[in-house]
Every structure is written in C-alpha cells, then in structure tokens.
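Everything on this sheet refers to the single structure shown next.
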Amino acid sequence: MNILFVRPNDSGGPSVPVGISQIQACLKESGHSVEIFDTTFMKRNTGSENRKKNESFGFYIPVNTEKFVKIETHDPIEALQQKIEHFKPKLLCFSIYSNDLDLANQIASVIKCNYRDIPIVVGGIHPTVDPEGTIELDWADMICIGEGEEAIAELAGKLSTGEDITDIKNLWIKRQGKIIKNGIRGFIDLNNVPPPDSAGFSQMHLYRPFWGKVYRILDVETSRGCQFACFECVNHHLRGIYKGKGSYHRTKTIDKAINDLAYLKRKYNIEIFRFIDEILFAFDLEYSKEFFDRYKSEVAIPFICFGRSEYMTDEKIKVFTDAGCISVSIGVETGNEKLRRKILNRKTSNKKIIESFQSCNKNRLRTMAFNMLALPEETLSNIYETIELNRAIMPSLVSAGFMYPFKGTYARTYCIEKGYIDKDPPLVNYDFESIIRNPYVSKEKQKSMQKTFTLYCTVPKYLFPLVFLCEFNNIISNYLYAIMSKFFISKTFKRYESYYDEVPDSRNLSFLENPPLGDLE
C-alpha cells in the first residue's frame with residue numbers, strides 16, 4: 001500500500017526527524033511503499049530565521065549556508081496535491097509539533113476537501129499531549145497517541161486487506177459521528193526495529209552548521225525516555241500515558257546501537273552524529289565505556305549530545321571525549337536555585353553546574369549553556385544571577401530563550417492556576433517572545449536582556465553600563481551593540497577556536513564545493 005508522510009515544518013530548522021524515519025523503516029519492512037512530503041524548504045521557515053537571529057545575539061557562530069540550501073517557492077498545498085496525484089497514496093500520515101499546527105490546518109483542510117476518500121491519521125507529540133483537541137479537527141480521521149511504529153504498521157496492514165481498524169491500540173478513530181478511543185499498547189522494543197530510513201527527505205537537512213562550518217549531521221537515538229520530570233517538559237505526561245506498560249527509559253543493546261550507527265554513517269555519508277538521547281550521560285560508567293570503546297573503533301566519527309550536570313563526572317566526560325564527543329549542550333536555565341527547584345523541578349545546585357562545566361573545559365570539550373529568561377516569578381535580579389552563573393561556568397557558547405508552557409506540562413497547569421497565562425494561550429515564536437505575564441520584568445526588558453545576554457556574560461564588569469545602553473533600540477544603541485559584539489563576542493569565538501582541537505572534517509570532499517541537494521535514498 002502507498003503511504004505518504006506529510007511534515008508541515010514551519011518552526012523547526014533543517015533536520016531529518018528520527019520518528020518519521022523509524023516508522024518509515026517499519027512500514028517498508030512490512031512491504032509498504034512510503035514517500036515523504038516535507039515543507040521545510042518550500043517556503044519561509046521560522047526555524048531558519050531563528051538561526052540568523054540567534055547568530056546576531058552571539059548564541060551561535062555565524063556561518064553562510066546559502067550554498068547548501070535551496071528554497072523552493074512552491075505553494076505547499078499545490079505541491080502536496082501534485083504529490084498525491086502522482087503517488088496515489090491510500091493513507092496520509094501527518095506528523096506535527098504544536099508550533100506547526102496552523103500550517104498543518106491550512107494544508108490538511110484543503111487536502112481533505114479534495115481527497116475525502118484518503119484517510120488522514122495525525123501523529124507526533126501534539127496529538128499525544130492534546131488528543132481531545134486534535135481529534136476534533138475536521139480533517140483528522142484518526143490520531144496516533146504515543147509511539148507509532150507498531151500502530152501505523154498495523155493500520156496500514158489492515159487498510160490494505162480491508163480489515164476492521166477500529167480496535168488498533170494507540171489510535172483514536174472517528175466512526176459514524178462517534179470517537180473510538182483505543183488504549184495504549186506497550187512500548188516498542190528498540191532492538192526489534194530496523195535502522196531508521198531517511199529516504200525521501202532532502203539532503204539539505206543534513207547540511208547543518210557547527211562551529212563556523214557546515215557538516216553533514218544526522219540526528220540519532222540509542223535510547224528513549226527520560227527519568228526526570230522537569231516542569232517545562234512533557235515527559236511526566238508521557239509516563240502517565242504509559243503507566244503500567246513497562247520501563248519508560250529503554251536502551252538499545254550495544255550491538256544494535258553500534259550496528260545502526262555504522263550503517264547510517266555509511267549510507268548517508270555522515271560526518272557528525274547528533275545524539276538526541278535525553279539522558280545519554282546518565283548511562284552507568286561501565287556501559288558508557290563499553291559502548292564508546294566500540295563507537296570509537298566501529299563508527300569513528302565525531303558526535304555531539306545533551307548532558308545533565310548531575311551525571312557529568314570527570315571520568316565520564318573523559319570517556320565521551322576520547323570516543324569523539326566534540327560538544328555537549330547543558331541546561332543551566334537559571335542562576336537562582338530556588339527558581340530552578342520551584343518553577344522547573346530541577347534540583348541541581350549551582351555548585352554542581354559549575355563543576356560539570358569546569359570538567360568539560362578541563363577536557364577541552366565544547367559546551368553550550370541553555371538559559372531561560374523571564375520565568376514565572378523571576379525578577380530582574382534573578383536574571384543577573386543567571387548571568388553571574390554563566391560568567392562562572394565559562395561555556396563555549398550561551399543561549400537564552402523563553403519558556404513556553406506547552407500542553408501536557410506541569411508548567412502550563414501552574415501558569416494557568418497562577419494567572420500567568422490564559423487557559424488557551426496563542427502559539428508564539430518562543431525563542432524570542434514570552435507569553436508568560438511576569439509581574440517583575442516587562443516584555444520590553446525581557447527582549448533587551450535576551451539581546452545583550454551574551455555581552456553581559458562576556459565583557460569585563462566595568463563595561464556593564466555600556467552593555468545597558470545596548471539594550472535600547474535606537475541608532476546609537478544598535479551601533480554600540482554592533483561594535484561591542486564584534487570585539488568581545490567574536491574575540492571569544494576566536495579564543496575558543498584556538499583552544500579546542502579542530503573538528504575532523506571533510507573540507508577536501510567534492511560535495512562541499514558542489515553539494516548534492518536531492519532527496520536521500
């Protein structure tokens with residue numbers, strides 16, 4: 001059976017989604033034909049614009065990616081209709097994040113009117129955290145809650161043979177004016193699924209900036225699930241859905257993980273892997289040693305990952321760096337420990353955060369410090385505490401954004417109860433705008449602190465009055481900001497560039513002079 005995945009990507013930058021790739025592999029293993037429709041490079045994409053703005057704030061090292069990206073001006077709706085006419089799918093699978101719901105509505109409402117006989121199933125994190133709202137969409141025939149590998153394969157199999165589909169677990173299905181709400185099946189066994197299949201996605205997704213250059217970077221996972229319950233994250237909601245269904249955190253065997261990574265490296269000519277595992281550093285030391293010993297010998301390319309300060313011991317960091325880890329992103333969030341515990345449910349101390357970054361710096365491991373501004377109940381003095389903590393940890397790069405209380409998070413419930421947000425707040429570009437009504441820090445001050453955050457973390461303290469002048473939006477302030485950024489932020493980039501080992505790259509490969517931009521196979 002022909003199955004078409006639709007990815008209405010309006011907010012995220014280039015990256016091949018692991019979830020769709022994994023489901024596509026399972027469907028193909030079952031004998032189905034799968035194609036991809038992806039809007040990422042069809043129109044103005046907020047994710048790409050975010051990258052440029054983040055570069056201007058000093059959160060990323062600027063890099064020119066024009067050679068590696070070709071934006072098409074096709075209308076997404078017309079392009080999808082042409083795809084349907086050519087491929088003739090019997091099932092449409094929309095995979096959406098909450099940020100992309102508006103674009104999904106625009107596309108799918110027209111498609112449903114013109115192709116009423118093609119069933120549409122909606123999956124992804126949005127229907128998982130908001131099933132009631134998603135199933136009510138006029139164009140949605142079904143939704144998939146939670147993991148979709150087995151559910152979508154079962155759906156495709158039964159549709160192709162004409163069997164009844166109303167009892168498929170993980171699916172809610174509309175039938176004769178009613179909604180059939182099936183329960184959740186157990187977790188999939190990560191060791192029993194084929195390697196992810198990225199065919200159909202543009203190679204442009206692979207060309208991603210890192211440290212001032214462009215590499216072929218692919219997102220990968222060796223585990224699923226997080227043991228923490230941070231208030232701004234949906235993990236507690238997902239654990240509730242799967243209560244009694246087994247261990248929420250699951251790990252591939254080392255054999256399976258290494259074989260998949262080696263296969264993906266060869267198949268897609270990958271230069272750097274980006275592990276999206278939420279708690280890669282939480283693996284015990286002996287497992288990490290065994291895994292990364294084999295990674296170093298059998299995969300042997302650099303990688304980047306996420307880290308939690310609680311688990312980043314000096315010994316474990318050495319294991320990671322020896323295997324090729326070239327950067328780790330760590331959530332600092334706020335410099336005030338009380339806010340970190342109360343608003344974010346993170347119990348890490350400032351002392352532990354400082355120690356983890358010191359260990360990374362000692363082992364010449366690049367770091368990115370993630371910070372949040374204008375949290376509920378955060379004051380301006382609390383923001384300066386965050387700045388002081390970032391000055392103490394000396395990360396390679398800092399970033400500062402705003403918390404968005406998504407559905408399915410404790411943060412949303414808390415903010416509604418306290419009156420910090422409306423019951424149904426609008427979706428905004430939360431990288432640069434907060435919807436939280438903070439009584440202590442105005443919206444204008446929030447934005448000005450974000451703009452100057454890197455400067456405050458970088459310049460000598462006696463220059464803070466000049467940084468304060470940079471907060472304003474006028475000709476003089478913007479000119480001063482440009483001068484100070486060029487001198488201090490660029491100087492910091494160059495200092496770190498000489499400190500770290502050069503990333504092994506493929507600058508001599510022909511594809512970097514004339515990069516292939518077609519679809520992956």
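The values are calculated or read from the model by the stated rules, or taken from the named source; none is laboratory data. Keep in mind the model is a prediction, meaning the values are calculated, not measured. For neighbour counting, all protein chains shown are included, and Cβ atoms are generated from backbone atoms with ideal geometry for every residue, glycine included.
Report, ordered by the first and then the second residue, all pairs with beta carbons closer than 6 Å, sequence separation of six or more or different chains, a first member in the range 15-42 that is touching a residue at least 24 places away in the same chain (Cβ under 8 Å), and a second member that is aliphatic (A, V, I, L, M) and surrounded by fewer than 16 Cβ atoms within 10 Å (Cβ to Cβ).
Qualifying pairs under 6 Å: F41/I71.
Looking for whichever is in contact (Cβ under 8 Å) with a residue 40 or more places away in the chain and basic (K, R) here; the options are R175, R208. Which one fits?
Numbers: R175 fails: in contact (Cβ under 8 Å) with a residue 40 or more places away in the chain.
Exactly one residue qualifies, and that residue is R208.
If I go through the range 192-207 residue by residue, how many of them are in contact with an Asp or Glu (Cβ under 8 Å, 6 or more places away or on another chain) and in a loop (DSSP other than H, G, I, E, B)?
Of the residues in the range 192-207, 7 are in contact with an Asp or Glu (Cβ under 8 Å, 6 or more places away or on another chain) and in a loop (DSSP other than H, G, I, E, B).
Determine if the range 117-125 includes at least one residue that is modelled with pLDDT of 95 or more and more than 16 Å from W172 (Cβ to Cβ).
To start, the set of residues in the range 117-125 that are modelled with pLDDT of 95 or more comprises 117-125.
Among the residues that remain, those that are also more than 16 Å from W172 (Cβ to Cβ) are: 117-118.
Checked the range 117-125: at least one residue is modelled with pLDDT of 95 or more and more than 16 Å from W172 (Cβ to Cβ).
In the range 177-191, is there at least one residue being assigned to a strand (DSSP E or B) and under 30 Å from P515 (Cα atoms)?
Within the range 177-191, the subset assigned to a strand (DSSP E or B) is 178-181.
Among the residues that remain, those that are also under 30 Å from P515 (Cα atoms) are: none.
The answer is no; no qualifying residue exists.
State which residue is surrounded by the most Cβ atoms within 10 Å (Cβ to Cβ) when the search covers only the range 364-386 and only residues that are among the acidic types (D, E) and out of contact with any Gly (no Cβ under 9 Å at 6 or more places or on another chain). Outline the logic, then answer.
Residues of the range 364-386 that are among the acidic types (D, E), as a first pass: 377-378, 385.
Checking the rest, the ones that are also out of contact with any Gly (no Cβ under 9 Å at 6 or more places or on another chain) come to 377-378.
Values: E377: 17, E378: 23.
Only one residue tops the list, namely E378.
From the list I354, I301, which one is assigned by TED's automatic domain parsing to the domain that holds T413 and in contact with a Lys or Arg (Cβ under 8 Å, 6 or more places away or on another chain)? Spell out how you get there, then give the answer.
On the way: I354 fails: in contact with a Lys or Arg (Cβ under 8 Å, 6 or more places away or on another chain).
It is I301.
Is there a residue being touching a Cys at 6+ places or on another chain (Cβ under 6 Å), without any contact (Cβ under 8 Å) to a residue 60 or more places away in the chain and part of a loop (DSSP other than H, G, I, E, B) anywhere in the range 383-396?
No, there is no match, as no residue in the range 383-396 is touching a Cys at 6+ places or on another chain (Cβ under 6 Å), without any contact (Cβ under 8 Å) to a residue 60 or more places away in the chain and part of a loop (DSSP other than H, G, I, E, B).
Which residue is modelled with the highest pLDDT, if the candidates are limited to the range 423-460 and must be of a type in the set (K, R) and assigned to a loop (DSSP other than H, G, I, E, B)?
Let us first name the residues in the range 423-460 that are of a type in the set (K, R), namely 423, 437, 443, 445, 447, 451.
Then keep just the ones that are assigned to a loop (DSSP other than H, G, I, E, B); that gives 423, 437.
Values: K423: 92, R437: 95.
Looking at the filtered set, the residue picked out is R437.
Let me confirm something: among S98, S109, which residue is in contact with a helix residue (DSSP H, G or I) (Cβ under 9 Å, 6 or more places away or on another chain) and either more than 25 Å from P405 (Cβ to Cβ) or not aliphatic (A, V, I, L, M) (or both)?
Details: S109 fails: in contact with a helix residue (DSSP H, G or I) (Cβ under 9 Å, 6 or more places away or on another chain).
Among S98, S109, only S98 is in contact with a helix residue (DSSP H, G or I) (Cβ under 9 Å, 6 or more places away or on another chain) and either more than 25 Å from P405 (Cβ to Cβ) or not aliphatic (A, V, I, L, M) (or both).
Quickly run through the range 208-248 and pick out the residues that are assigned to a loop (DSSP other than H, G, I, E, B), within 25 Å of M372 (Cβ to Cβ) and touching a helix residue (DSSP H, G or I) at 6+ places or on another chain (Cβ under 6 Å).
Restricting attention to the range 208-248, the residues satisfying the condition of being assigned to a loop (DSSP other than H, G, I, E, B) are 211-212, 221-222, 225-234, 242-248.
Then drop every residue that is not within 25 Å of M372 (Cβ to Cβ), which leaves 211, 221, 225-234, 248.
E221, C226, A229, F231, E232, V234, Y248, listed by residue number.
Residues in the range 473-482: is at least one touching a strand residue (DSSP E or B) at 6+ places or on another chain (Cβ under 7 Å), at pLDDT 65 or above and hydroxyl-bearing (S, T, Y)?
No - not one qualifying residue is present in the range 473-482.
Kindly indicate whether any position in the range 144-152 is outside the structural domain of E271 (by TED's automatic domain parsing), buried (at least 19 other Cβ atoms within 10 Å of the Cβ), closer than 30 Å to S490 by Cβ and in contact with a Ser or Thr (Cβ under 9 Å, 6 or more places away or on another chain).
Checked against the condition, which is being outside the structural domain of E271 (by TED's automatic domain parsing), buried (at least 19 other Cβ atoms within 10 Å of the Cβ), closer than 30 Å to S490 by Cβ and in contact with a Ser or Thr (Cβ under 9 Å, 6 or more places away or on another chain), the range 144-152 yields no hits at all.
Residues in the range 227-246: is at least one surrounded by 16 or more Cβ atoms within 10 Å (Cβ to Cβ), assigned by TED's automatic domain parsing to the domain that holds R364 and over 23 Å from the mean Cα position of the chain (by Cα)?
No, that holds for no residue.
Would you confirm whether any residue within the range 349-360 is within 23 Å of F432 (Cα to Cα), buried (at least 22 other Cβ atoms within 10 Å of the Cβ) and not hydrophobic (A, V, I, L, M, F, W, C)?
Looking only at the range 349-360, we keep the residues that are within 23 Å of F432 (Cα to Cα), and these are none.
No, the range 349-360 contains no residue that is within 23 Å of F432 (Cα to Cα), buried (at least 22 other Cβ atoms within 10 Å of the Cβ) and not hydrophobic (A, V, I, L, M, F, W, C).
Considering only the range 169-198, state which residues are closer than 21 Å to S33 by Cα and buried (at least 16 other Cβ atoms within 10 Å of the Cβ). Please lay out each step first, then the result.
First, pick out the residues of the range 169-198 that are closer than 21 Å to S33 by Cα: 192-198.
Residues satisfying the conditions are V193, P195, P196, D197, S198.
So which residues in the range 430-449 are farther than 23 Å from C470 by Cα and either in the same structural domain as L101 (by TED's automatic domain parsing) or within 25 Å of the chain's Cα centre (by Cα) (or both), if there are any at all? Please lay out each step first, then the result.
Kept after step one, since they are farther than 23 Å from C470 by Cα, are these residues of the range 430-449: 435-437, 439.
Correct list: I435, I436.
Specify which of the listed residues (D255, D260) is more than 22 Å from the chain's Cα centre (by Cα) and acidic (D, E). Break it down into steps so the answer makes sense when it comes.
Values: D260 fails: more than 22 Å from the chain's Cα centre (by Cα).
Being more than 22 Å from the chain's Cα centre (by Cα) and acidic (D, E) holds for just one of D255, D260, which is D255.
Give the residues of the range 280-291 that are surrounded by fewer than 19 Cβ atoms within 10 Å (Cβ to Cβ) and in contact with a Lys or Arg (Cβ under 7 Å, 6 or more places away or on another chain), sorted by residue number. Walk me through it before giving the result.
Pass one, the range 280-291, residues surrounded by fewer than 19 Cβ atoms within 10 Å (Cβ to Cβ): 284-287, 289-290.
Answer for the range 280-291, where residues must be surrounded by fewer than 19 Cβ atoms within 10 Å (Cβ to Cβ) and in contact with a Lys or Arg (Cβ under 7 Å, 6 or more places away or on another chain): just L285.
Counting just the residues of the range 292-333 that are out of contact with any helix residue (DSSP H, G or I) (no Cβ under 6 Å at 6 or more places or on another chain), within 23 Å of D260 (Cα to Cα) and among the small types (G, A, S), which one comes out surrounded by the most Cβ atoms within 10 Å (Cβ to Cβ)?
So the residue we want is S327.
Looking at the range 275-349, what helices (runs of 4 or more DSSP H) fall wholly within it and have at least 2 residues that are modelled with pLDDT of 95 or more and over 13 Å from L365 (Cα atoms)?
Values: elements: 285-294, 314-323, 337-342.
Result: 285-294, 337-342.
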